[in-house]
Amino acid sequence: MRYDVAIVGGGPAGATLARLIGDKLKTVIIDLKDDTSSNFHKVCGGLLSSDAQKSLSYYGLTLPKSVLVDPQIFSVKTMDLVTEQVREYQRFYMNLDRAKFDQWLLSLLPKSVDKIIGRVVDVVGHKGDYRVEYIDNETDEKTKIEANIVVGAEGANSIVRKKVFKGAKMSHYTAIQQWFSSTQSYAHYACIFDKETSDCCSWIISKDEHLIFGGAFGVKDSRENFEKQKKRLEIMGYDLENPTRTEACMVLRPKSVSEVKIHKNGVYLIGEAAGFISPSSLEGFSWAMDSARYLSEALLSDKENPEKIYWRKTLKLKWKLQKKILKVPFMYWPWLRKLVMASKLTSIK
């Protein structure tokens, strides 16, 4: 079959784009997830930040209670394991079941959007004439569809980015997350810094009757450093023994706006596939939905050059990304972080 737009990836970025253009352009979305959550194991804290809440409110969307989990969180507990400093700051997050959140976004798609459950393995062609090859989940056979435009929305390990934007590299980490059965619920989101195991951050979050501990670690010795950090947190009183589930994936962390790639010869990238993710907090929901909205506006424009329109619209995100990059030293350089935490500025305890 031939489509106007083929979207690879059905997360917040791909689902948002398909929802916005599906009634006007012949659209297909190809994603690994089915209608259950059994095959979904995304390393994600599942917290909807104020920026992401703003992105949803732009469309007048309200979350169904089936997507929410307990407890709802109003503070972040910042912990430096080396200096043993602890500060608590007021923040407003919505605590989600990530799998159900993605399913809800996909449920909003127009009926005119075709959905294929499969794994994309190749993208070939030229501007205005692309072939997307995928392995069908049900038949396990290689199949193909044709499209005028291809959009990569499948996150850090994007096959579209690899095939079309060859040689375009971005700083990345291995994200690892474990789930633990727990009757104890923490009313905060713990953000953890430990320069001895990672130059990025980790997190502990309660979700119903579970506790999750996850973090981003350098690719080399990532699992070893994950276990080292976990042991240090156990000494501090967190019960992180006997995990019920372990998840891992790549996560991007741009160090420069120049690492972001958004289009090439009729192929577009949105969300983390493009490099739109906060390098300071690793928050990606708002970036995914906003970049999808900007691309939808470009594709539905009456003008003949959507690439130029998308480039212009994403300048807002690039400027936002630059500000986040400038923020990184204050969070991740140990001596600067020590000064910020010692000042107790804006802390609530």
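The values are calculated or read from the model by the stated rules, or taken from the named source; none is laboratory data. The model shown is predicted, which means the values in this text are computed figures rather than measured ones. Note: ideal-geometry Cβ built from the backbone for every residue, glycine included; neighbour counts use all protein chains shown. When the accessible area is computed, the model is the full protein with side chains, heavy atoms only, and any ligands, DNA or RNA have been set aside. Shrake-Rupley method; radii C 1.70, N 1.55, O 1.52, S 1.80 Å.
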A student asked for the Cα radius of gyration and Dmax of segment 96-217 in angstrom ought to give 19.3, 55
Neighbours of ALA342 by Cβ distance under 11 Å: Lys/Arg at +1, Asp/Glu at -1, summed charge +3
Checked against a 29 Å limit on the C-alpha separation, the offending pairs among LYS264/LYS324; LYS77/LYS195; LYS54/LYS77; LYS24/LYS166 are LYS24/LYS166
Computed over the chain: longest principal axis from alpha-carbon atoms vs helix 334-343 long axis, angle to nearest 10 degrees, is 70
Taking Cα atoms only, helix 98-107 is inclined relative to the longest principal axis of the chain by an angle, in degrees rounded to 10, of 20
Order by accessible surface, 1.4 Å probe, largest leading, for residues VAL82, VAL151 comes to VAL82, VAL151
Sequence order, segment 84-97: Karplus ³J(HN,Hα) from phi using 6.51 cos²θ - 1.76 cosθ + 1.60, θ = phi - 60°, Hz rounded, Gly and Pro as x, gives 6, 7, 9, 9, 10, 10, 6, 9, 10, 10, 9, 8, 10, 8
Rg/Rh over Cα atoms for the chain, Kirkwood Rh, comes to 0.97
Residue-ordered couplings for segment 194-200, obtained by feeding phi - 60° into the Karplus form 6.51 cos²θ - 1.76 cosθ + 1.60 and rounding to whole Hz (Gly and Pro as x), are 8, 5, 6, 10, 6, 9, 10
Helix 285-299: inclination vs the chain longest Cα principal axis, degrees, rounded to 10, gives 20
Toy charge model, Lys and Arg Cβ at +1, Asp and Glu Cβ at -1: the chain dipole around Cα centroid in debye, rounded to 20, equals 1460
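Give me the number: length gained by fully extending TYR89 to SER343, i.e. 0.36 nm times residue separation minus the C-alpha to C-alpha distance, one decimal in nm. Show your work: numbers first, answer last.
On the way: separation 254, 0.36 × 254 = 91.44 nm, distance 1.27 nm.
Stretched out fully, the TYR89 to SER343 stretch lengthens by 90.2 nm.
Looking at the chain only, what percent of DSSP beta bridges run antiparallel? Nearest 5 please.
On the way: 53 of 75 bridges.
If we restrict to bridges inside the chain, about 70 percent are antiparallel.
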If amide H atoms are modeled at 1.01 Å from N in the peptide plane, then the residues at a separation of 5 or more from VAL82, or on another chain, having amide H under 5 Å from its own are LYS195
Placing each pseudo-label 7 Å from Cα in the direction of the beta carbon, ARG119 and GLU141 end up separated by a distance in nanometres of 1.9
Given the candidates LEU17, TRP319, VAL124, the one whose Cα lies deepest towards the positive end of the charge dipole of the chain, counting +1 at each Lys or Arg C-beta and -1 at each Asp or Glu C-beta, is TRP319
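Determine the dipole magnitude for segment 272-349: charges of +1 sit on the beta-carbon of Lys and Arg, -1 on that of Asp and Glu, nothing else is charged, the reference point is the Cα centre, and the result goes in debye to the nearest 20. Spell out each step's value before the answer.
Working: 15 positive and 7 negative charges, 126 e Å.
The calculation lands at about 600 debye.
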Whole-percent carbon and sulfur contribution to the accessible surface of the chain (1.4 Å, no ligands, DNA or RNA) stands at 52
The relative contact order of segment 1-135, taking Cα pairs under 8 Å that sit 6 or more residues apart, comes to a percentage of 31
Per DSSP, the loop-located GluC sites (Glu not before Pro) within segment 218-267 having at most 13 other beta carbons within 10 Å are GLU241
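Under a Cβ-Cβ cut-off of 11 Å, what is the net charge of the residues other than LYS142 that fall near it, where Lys and Arg count +1 and Asp and Glu count -1?
Working: positive: ARG119, LYS144; negative: ASP122, GLU133, ASP136, ASP140, GLU141.
Neighbour charge sum, excluding LYS142 itself: -3.
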Relative contact order in percent for segment 1-66 (Cα pairs under 8 Å, 6+ apart) equals 27
Residue-ordered couplings for segment 218-228, obtained by feeding phi - 60° into the Karplus form 6.51 cos²θ - 1.76 cosθ + 1.60 and rounding to whole Hz (Gly and Pro as x), are x, 4, 6, 6, 4, 5, 4, 5, 4, 5, 4
